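Read the structure below first, then the notes.
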Amino acid sequence: MSAPPITTYEPNTHFSALKTKNLPARAFAPANISLIFETYPASPPNGRGSLGVGITLDEGVVASVRCADADHVAGIFVDGKAWKFPTVENVLAALGVGELHIALQAAFQFGCGFGMSGASALSVAYAANALLTLGRSEDELGMIAHEAEVAAATGLGDVGGQFNGGIMIKTMKYQPLKVARLPVRAEHLYVRVHGPIHTAEVIGSQEKLRFINAAGHQAMADLEAAGGKLTLGRLFDVSLEFARHSGLLTSEILKETIAEICASGGHATMIMLGEAIVATVPFAGSRKVRVIQRGVHLL
């Protein structure tokens with residue numbers, strides 16, 4: 001599911017017409033694959049977050065938001081099914097809105113490392129802001145989505161990547177929307193999902209975070225040392241070392257598959273946080289995905 005073409009609207013006329021006719025406002029937020037991360041503790045006003053490296057894809061979450069009515073009951077629906085979704089509920093509370101019908105279409109499984117919760121929060125924030133002409137700035141919407149996800153323990157850093165798009169590194173604590181582009185390029189990558197990892201169990205464990213943060217700090221230093229000579233292959237190799245030293249790469253099927261890919265001349269690593277693999281070359285059971293340079297936007 002590639003992001004549809006963009007149409008620009010004059011807000012005071014188009015979105016008031018949406019409300020009058022009860023048509024949806026729609027927004028797209030890309031999937032974000034995290035390769036490396038380290039966390040930092042809460043510090044007002046921006047709260048807890050993470051540093052690290054992420055890559056956005058041209059598939060993600062499309063949010064359609066409209067006012068609730070007799071034909072569209074209030075609630076959050078993911079791929080047609082009603083959900084209790086605290087991350088999105090936190091966004092609505094922060095915006096001070098309610099009685100909306102929110103339909104989300106997700107390109108990947110939740111909990112498998114593609115940032116579907118963050119993409120849901122961000123796309124809903126943009127669509128609700130447009131539908132109701134709330135006048136929130138893009139930075140405000142990004143921070144609302146980030147803080148909503150942190151509060152729900154569904155992620156710590158996906159929103160920053162999804163806000164910007166591309167192959168990015170975050171190095172600034174307490175500024176979760178600030179990123180820098182890495183000097184590597186990729187048109188396509190290849191992914192395979194074997195199952196989910198419960199994010200809250202990882203980011204809520206101080207013991208696990210001790211190993212993760214030590215490994216993440218070293219990986220970030222390795223990338224800084226590479227500087228302008230960094231390649232996509234080297235980025236994946238550093239990410240794989242992070243996955244091993246952090247204690248996150250425990251799945252035997254992931255280990256075996258990654259070893260096979262590397263032995264064939266490719267580069268591969270574990271997607272954070274999911275029992276999933278991303279590689280630079282095709283491999284058995286993989287799905288081809290396209291890297292996107294653009295972040296969240298209205299449709």
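Conditions tested, residue by residue: (1) assigned to a strand (DSSP E or B); (2) within 23 Å of Ile169 (Cα to Cα).
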residue	(1), (2)
Val202	no, yes
Gln218	no, yes
Ala226	no, yes
Gly247	no, yes
Ile253	no, no
Val278	yes, yes
Arg290	yes, yes
*asked:* Quick check on this structure: which one of Gly165, Gly142, Gly155 is modelled with pLDDT of 95 or more and within 14 Å of Ala31 (Cα to Cα)?
replied: Gly165
_Looking at Ala106, Ala151 in this structure, which one is surrounded by fewer than 24 Cβ atoms within 10 Å (Cβ to Cβ) and either in contact (Cβ under 8 Å) with a residue 60 or more places away in the chain or more than 16 Å from the chain's Cα centre (by Cα) (or both)?_
Ala151
*Any hit, region 175-193, residues being over 18 Å from the mean Cα position of the chain (by Cα), farther than 29 Å from His297 by Cβ and not hydrophobic (A, V, I, L, M, F, W, C)*: no
*Say we look at region 93-139 and pick out the residues that are in a strand (DSSP E or B) and of a type outside the set (A, V, I, L, M); which of these is farthest from Ala31 (Cα to Cα)?*
His101
*Specify the residue that is modelled with the highest pLDDT; the eligible residues are those in region 269-299 that are farther than 25 Å from Gly165 by Cβ and surrounded by 15 or more Cβ atoms within 10 Å (Cβ to Cβ).*
Phe283
*asked:* Being out of contact with any strand residue (DSSP E or B) (no Cβ under 6 Å at 6 or more places or on another chain), in a helix (DSSP H, G or I) and not small (Gly, Ala, Ser) is the filter here; which residues of region 152-200 pass it?
replied: Val159, Phe163, Asn164, Thr199
*What is the residue count in region 109-145 for residues that are closer than 16 Å to Gly75 by Cα and surrounded by fewer than 20 Cβ atoms within 10 Å (Cβ to Cβ)?*
0
*Return the only residue of Gly98, Gly111 being under 25 Å from Gly165 (Cα atoms) and touching a residue at least 12 places away in the same chain (Cβ under 8 Å).*
Gly111
*Restricting attention to region 161-172, does a residue exist that is basic (Lys, Arg), under 30 Å from Leu232 (Cβ atoms) and touching a residue at least 40 places away in the same chain (Cβ under 8 Å)?*
yes
*Tally time: how many residues in region 147-168 are farther than 8 Å from Gly118 by Cα and of a type in the set (Val, Ile, Thr)?*
2
*Top-ranked residue of region 208-221 - restricted to ones that are in contact with a Leu (Cβ under 8 Å, 6 or more places away or on another chain) and closer than 11 Å to Leu51 by Cβ, ranked as surrounded by the most Cβ atoms within 10 Å (Cβ to Cβ)*: Gly216
_Condition first: on the phi < 0 side of the Ramachandran plot and modelled with pLDDT under 95. Now tell me which residues in region 226-247 satisfy that._
Ala226, Gly228, Lys229
*Can you name the number of the only condition in (1) within 22 Å of the chain's Cα centre (by Cα); (2) free of Cβ contacts under 8 Å to residues at least 40 places away in the same chain; (3) buried (at least 21 other Cβ atoms within 10 Å of the Cβ) that Ser205 fails?*
(3)
*If you go through region 251-268 one residue at a time, do you hit one that is surrounded by fewer than 17 Cβ atoms within 10 Å (Cβ to Cβ) and either within 20 Å of the chain's Cα centre (by Cα) or on the phi > 0 side of the Ramachandran plot (or both)?*
yes
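The values are calculated or read from the model by the stated rules, or taken from the named source; none is laboratory data. All values reported here derive from a predicted model rather than from experimental measurement. Glycine gets a Cβ as well: all are built from the backbone with ideal geometry, and neighbour counts include every protein chain shown.
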